[in-house]
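Values in this text are rule-based calculations from the coordinates and carry no lab data. What you see is a predicted model, and the numbers here were worked out from it, not measured in a lab. All Cβ positions, glycine included, derive from the backbone under ideal geometry; neighbour counts span all protein chains shown.
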Amino acid sequence: MKRFLLPLFLAFTFVGLNAQLVISEIMYNPPEGGTDSLEYIEIYNAGDAVDLAGYYFEQGVTYTFPSHMLMSGEYVVVAVDSLAMLNNFGVTAYQWTSGGLSNGGEDIIIHDPSDVMVDIVDYDDTNGWPMHPDGNGSSLILCDLAADNNDPANWQAAATDTGVDIDGIDLLGNPGVASNCQSDFLIRFISTEASVGEGDGAVVFGVEYPAGDAVPWEISVALNSGLSTATLDADFTWADTTDFVSGFATDTVYYNVQIIDDQNVEGTEQIVLNLSGANIQADVLANTFTITIEDNDTPIPAYAIGTINTVDADGVADSLGVECQIQGIVYGVNLRPSGLQFTLIDENNDGIGLFEFSTNYGYTVNEGDEVVVQGSIGQFNGLTQIDPDTVWMVSAGNALVAPTVVTALDETTESQLIKIENLTIVDPADWTNSGSGFNVDVTDGTNTYAMRIDADVDLYGTTAPTETFNLTGLGGQFDSSSPYTSGYQILPRYMADLQVEAELDPNYPPYDIGVVTTVDADGVVDSMDVACQLQGVVYGVNLRPGGLQFTLIDANNDGIGLFEFSNDFGYTVNEGDEVIVRGEIGQFNGLTQIAPDTVWMVSAGNALFAPTVVTALDETTESQLVTIENLTIVDPADWTNSGSGFNVDVTDGTNTYTMRIDADVDLYGTTAPTSAFNLTGLGGQFDSSSPHLSGYQLLPRYTADIDVIMDVDPNYPPYDIGVVTTVDAEGVVDSMDVACQLQGVVYGVNLRPGGLQFTLIDANNDGIGLFEFSNDFGYTVNEG
């Protein structure tokens, strides 16, 4: 045995003493389809200058160098295709004679002209070697040119982007130049992207981690929901995960994402995952993994509603079971709060019902929305409807068609917006306000119609009208057996659909508001105890939640207060509603008001008068919408946020006014403004004794009625947002710690309910974030 050991020892010693060429980079499996053209080997001269003439590869590839003086510290590249190297990388390379590099690893051996082995590398794609170079775009790079290049711990997958892209995969390498290793320890996705069909099942991907020490690497893979277009739990399943893996050797940990094969026609979607480590750096060029999902579902045909809502002679839908896509405008409210139920009418004024028992597909019903619906055509008790699989929002606030006046309910009125005029209730006892809804027969004196009041509309729970009314609603049907040719109904959407045509009642003669609100020299109302009928638009919120209290202003811009202690007559107060009121004129502490016996809703969403700018509060401002400008608070201590409301004296520098903040407006509970402001509100009066010529007040309706005028504070100079949001070359804001005043529009919701967090964008479309940990300064965040 000794006779063999000594020659071996001498041979290896000879190689070690004479070796100066180092195999320093290997591209063994570029991500090319078919024959590889970008395989290459890089050699580094770690010794003195040497003429490469006669140096040759014994294994790996076949090639003998011509005369080439390689200076100390220089690189030379040998490739399978020298022209491809020049065209893609701009690198001059020698082209080997034959052979190719194994994708699974092999020996690469260089000999000098005397057949002495100069260098050998036994690379691999397992056993601790980086795995990313095996088809994922990276070359193998030696990080320490003086270290053992047969130790996989000294190699790394290249991270330098060459600017070359093959089938969406970036080529990463450093042929002919230094390795540019990022650090001693890096984690990376083995591949950075994958494309799959929706029906392919799971996508398996790996994270490569290096050899380190006894402390485990802490690796986290998390979904980037902001960049992902696929929907978690609808298109795929995934749970963010953190793993602790051994740092003793380079290895790979594998994960999988399960793709859900649904029946929905979708565009191409992406899942984006991010890689990070608590005690190890992630490769910035391979810390994102993107999965592209190609849909496999057959497109559903799109039809006009009129194409699929026809019926045969027995009233049976012609298109039962047809899968299709329709588009239209939403009419009415959601009659199925746990799911969806509304009417859809398209641009041709053709309508259909929509019903889903328990899913809303993320859509909140709002009349006027335009939506796209996919599903199958069905029928329930004669009513043709679509059973949706998907609902997409397109736009909001679209105009509705005018209702069609009809005198019969039949198949032509189904899922149409219609109107029947001059109706009365046949039997008021039918107005039961019970169950999931109730039917009431109504008549125009010639025909009788079924009015269905669903429990989900605001008419449910109100009192039956005793007068003649016009009725607007959506045509429906409830016929439990074929032929489906009866059971037609009209379903009002809300209180405004029932427009009372108030008949003249000699006990309540109609007057303009200005006729009954005059006062005598002592401020006492002239029409005290007069019974009358008034009509006008509601201003402000309800200041009496247990009953009614608001201001009514008519077409002549004359106003009056309304107060009822404990009855709301089935009416819910909304500013902009037009109502008819019957009652008696009275007065409370100088404020003229009507005590109602009846309140009828006429219409909603009516325009309000612009406020009148005044400099005095008196009888002329009572129950008027007015504005006083350039005010400040006399004593901030008056802003008590206590009791049923509180008074605050405000001044414009000349006059002092009383501002009353009622406990039922959203200003109550906020902080007092510290700057000058303009104040809009409804004129009031609180004078407990005659003559009622004092105690005039101004009552803001909501927070927006205080329009703050910001004074310039030298400690907070005003700037455009773009002035203070610039950053330096390191991304550090230039205006760090600068105190300033900014103004802009709020975007988004409050992301910090315990304080404030939103985005502010100014008139120049420059934006900035705002964050306050625990104080909202009395401001409630509202976009816009």
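A compact table of results
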| quantity | calculated |
| --- | --- |
| Efficiency of FRET between ASN180 and ASN348 - r from beta-carbon atoms, R0 56 angstrom, step 0.05 | 0.30 |
| Disulfide-incompatible cysteines by the Cβ rule (no partner under 4.7 Å) in the chain | CYS324, CYS532, CYS740 |
| Spatial separation of Cα centroids for the stretch 492-558 and the stretch 265-282, in angstrom | 63 |
| Acute angle (nearest 10 degrees) that the helix 2-18 long axis makes with the longest principal axis of the chain, alpha-carbon atoms | 60 |
| Extension gain, ASP107 back to VAL613 (0.36 nm per residue minus Cα-Cα distance, nm) | 173.0 nm |
| Estimated distance in nm for a label pair at ASN606 and THR446, the labels positioned 7 Å out from Cα along Cα-to-Cβ | 3.1 |
| Compactness relative to 2.2 N^0.38 Å, alpha carbon Rg of the chain | 1.46 |
| 16 Å cut-off, amide nitrogen to a point 7 angstrom out along ASP707 Cα→Cβ, residues in the stretch 580-621 | 608-615 |
| Cβ-derived FRET efficiency at R0 30 Å, ASN647 paired with ASP520, nearest 0.05 | 0.65 |
| Theoretical FRET efficiency, 1/(1+(r/R0)^6), r = Cβ-Cβ of THR237 and SER276, R0 30 Å, to 0.05 | 0.90 |
| For the chain, share of DSSP beta bridges that run antiparallel, in % to the nearest 5 | 85 |
| Local net charge near THR572, Cβ-Cβ under 13 Å (Lys/Arg +1, Asp/Glu -1) | -3 |
| Amide N of the stretch 113-139 lying under 12 Å from the label point, which is placed 7 angstrom from the Cα of GLU58 along Cα→Cβ | 113-121 |
| Principal axis dimensions, largest first and in whole angstrom, of the stretch 612-709 by Cα | 35, 28, 22 |
| Translational diffusion of the stretch 17-172, µm² s⁻¹ [Kirkwood Rh, Cα pairs; Stokes-Einstein; 4 °C; 1.567 mPa s] | 83 |
| Global form of the stretch 513-603, assessed from the alpha-carbon gyration tensor, a/c cut-off 1.5 | prolate |
| Extreme residue, positive dipole direction of the chain, given options GLY681, GLY475, VAL515 (C-beta unit charges) | GLY681 |
| Mean ellipticity per residue at 222 nm, deg cm²/dmol - from DSSP H runs of n ≥ 4 across the chain, formula -39500 (n - 2.57) | -1000 deg cm²/dmol |
| Size of electric dipole in the chain: Cβ of Lys, Arg +1 and of Asp, Glu -1, about Cα centre, debye, nearest 20 | 760 |
